[in-house]
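The values are calculated or read from the model by the stated rules, or taken from the named source; none is laboratory data. These figures come from a predicted structure and were not determined experimentally. Virtual Cβ from ideal backbone geometry, glycine too; neighbours counted across all protein chains shown. SASA here: full protein model, heavy atoms, side chains in, ligands and nucleic acids out. Shrake-Rupley method; radii C 1.70, N 1.55, O 1.52, S 1.80 Å.
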Amino acid sequence: MHSGYYLKGNRQEVMNYENIPFDPAPPPYTPPNSETFSTSTHYKYRDSVICSKCGQLHEENGTHLYDYHQAVDEDLMCHICLQPLVNPIDTRCGHTYCSRCLKSYLKLQKQCPVDRQPLTVSECQKSSLLVRRLLDKLLVVCPNVDYCEEVLPRSELDAHLTHRCRGAVTKCIKASLGCSFQGPRSALQSHLWECDFRDQQSGKNPVLCGEVSTIEIQRDQADLGMSVVGGCDTPLVCVVIQEIFPDTVICRDGRLQPGDQILEVNSEDLTQASHYQARKVLSQYLPVCRLTVYRERAEEERPIEKEEILKITLNKTKGKQLGIKLVGKRHGTGVYILNLVPNGLAAIDGRLRPDDRVLEINGQDLSYSSQEQAATVIQSSQDRVQFVISRKSRPQTPDLIRSTSEALCSLDLDPGDASWPMCRKCREVNISINKDPSETLGISIAGGVGNPRGDTPVYITNINPLGCLGKSGQVQKGDVLLNINSSNLLGLSHPEAVAQVKANTGSKVITLKIVEAPETCIGPSNFVPSWLYWQQLPNLCQNIKTVTLLRSPTGSLGFSVVGGSDCVQGCLPIYIKSVVLETPAFKDGRLKCGDMILSVNNTSLEKVAHAKAVEILKQATGAVSLRVVSWPGTMV
């Protein structure tokens, strides 16, 4: 007897049960025999297409197919196709099937395929949240095995194929002009060099709010003309445009805005790229720059979060309370754990946590119930209480505060690559140099208060090896100048700092107080700081500004935040992740992606947990005053 599917590599291919007559024999139900299968396989590939969601060949409205990385529990298998369930539904007699499998079967026979009880579609219901979550977490292999080795949860495969997979079949961006190219995403960039329509202009695809958009920009100069912040090695997690400079490639194109998240550049995935890796990819010159970006909708102030579904069972003990306090939330549905009573069974067990959302208790759905209903279910339980809870957490990202040299060591960088900064420990030192009156200091400086790109300390951009500082070897490009001959340089504009340095060049002894640069560079080129350079400078180098905003009619300030004392890698400041179009923050123009928020209406955010920081921001009323530190992003 054939099992109803056959293996092709690691793939279980499903029969088309719409076109195969079922045997109405008495129970138990058995799939068609091998003879029926062999004479009916042509139905499987008739009108088949490559599915954009699962990446495999099946009928346009057929059940999705997946290559599973591991063996799947038989309790998660459909009794009809003998595959892991897809869009599962339950019958009133307690069996579970793929939605499409069962609906197709019921068109032929109005009975349950297993126990043959009478059954109609209207008597079925969507499977429980727990089952659907377990199915979503099943690991699958990307079907484009010749180009991609990704193994990921089944629920994430659709987005992977749409936006990241190098083997996903895609059309040429000039398809609207008549180009017939179709091939793997990895081949698209090389095709663009030879495309017969490459020099023809097509209508520009807009960047839409709340959607992933792909645009093409003709690049006629080396720099794109924007600055970026973030990366997977920072609290921002993603790469975000901070600023767009006037009269540049990006500015003239007009479609990108500050706050747009960059997901992909010329088929290079940036969703898992560090800050320096993203800068390197963005700095590579190609005549056609293809960018995939995401723009948040207005009022979207949620940080990137992951949801974990857990099943936790507590055994009751006579004379001992569970010790769980439940609560509802004013602005949301459902029941949450407020706290755990010390020495209660739940606290001793240690698996439940405050702010966990209770989805089910003993199989009863409590997603939209009150705390009184949840308490009643718990009290009526005899020996044990089985919880299904949802726990939100932000992605685990490396600590921004750790030394950059440690982060770079793990990236296998080429030390001869000039696009990567040389990194060292950041510390404050005093330097004394004897100088001939005829000698020059031999340094170039940049920065200062009031610069177009923001208020920064004064730092060294270049060193003449024949000047007295160059010959001494005690300073490097990127070092921050705090004072010269006891004259303070902090808080000065660039012209004022230059004048102060020149006024002291006639001295026979030059004393400098500097902060050694967290980044430097070699060669004749000027040093240009990255966004991470500024993050590692001590607090005395910060220029704090105050920004006051009035809330929109809907109550939004218009930005989302990340960071906090409860980050997995340690206590981090609160950062602005994105500023949303047409909101108070965007219209004011002073807040930028990557800014650090120190306080809200005189309430400090230092060493505050992420949820608490969000609560403080949401509860601030009237004119909301923010003290922020704003650093320039990395120019590309």
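In segment 56-70, the qualifying residues are those that are open to solvent by less than 20 Å² (accessible area, probe 1.4 Å) and in a loop (DSSP other than H, G, I, E, B), and the one that is nearest to K171 (Cα to Cα) is Q56. Scanning segment 105-149 for residues that are in contact with a helix residue (DSSP H, G or I) (Cβ under 9 Å, 6 or more places away or on another chain), part of a helix (DSSP H, G or I) and open to solvent by less than 20 Å² (accessible area, probe 1.4 Å) turns up L106, L135.
Condition check ((1) hydroxyl-bearing (S, T, Y); (2) at pLDDT 90 or above; (3) part of a helix (DSSP H, G or I)) across all residues:
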position	(1), (2), (3)
K502	no, no, yes
I514	no, yes, no
V528	no, yes, no
Y533	yes, yes, yes
V547	no, yes, no
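Residue pairs whose Cβ atoms lie under 7 Å apart, sitting 6 or more positions apart in sequence or on different chains, and linking a residue in segment 337-363 that is assigned to a helix (DSSP H, G or I) to a partner that is open to solvent by 50 Å² or more (accessible area, probe 1.4 Å) and at pLDDT 90 or above, do not occur here.
Hey, among the residues in segment 494-527 that are open to solvent by less than 70 Å² (accessible area, probe 1.4 Å), touching a residue at least 60 places away in the same chain (Cβ under 8 Å) and among the β-branched types (V, I, T), which one's farthest from G467 (Cα to Cα)? Across segment 494-527, the extreme among qualifying residues is V515.
Kindly evaluate C251 against the criterion of being more than 20 Å from T583 (Cα to Cα), at pLDDT 90 or above and open to solvent by 30 Å² or more (accessible area, probe 1.4 Å). For C251, the condition - more than 20 Å from T583 (Cα to Cα), at pLDDT 90 or above and open to solvent by 30 Å² or more (accessible area, probe 1.4 Å) - is met.
Being over 21 Å from the mean Cα position of the chain (by Cα), at pLDDT 80 or above and either surrounded by 17 or more Cβ atoms within 10 Å (Cβ to Cβ) or assigned to a helix (DSSP H, G or I) (or both) is true of G167. Taken across segment 331-347, residues that are exposed (fewer than 13 other Cβ atoms within 10 Å of the Cβ) and β-branched (V, I, T) do occur, with at least one present. When you look at I250, is it of a type in the set (A, V, I, L, M) and assigned to a strand (DSSP E or B), yes or no? No, not satisfied. Taking the numbered list (1) outside any helix (DSSP H, G or I); (2) open to solvent by 60 Å² or more (accessible area, probe 1.4 Å) in turn, P457 passes all entries but (2). Considering only residues in segment 473-524 that are out of contact with any strand residue (DSSP E or B) (no Cβ under 8 Å at 6 or more places or on another chain) and among the small types (G, A, S), the one that is nearest to V636 (Cα to Cα) turns out to be G523.
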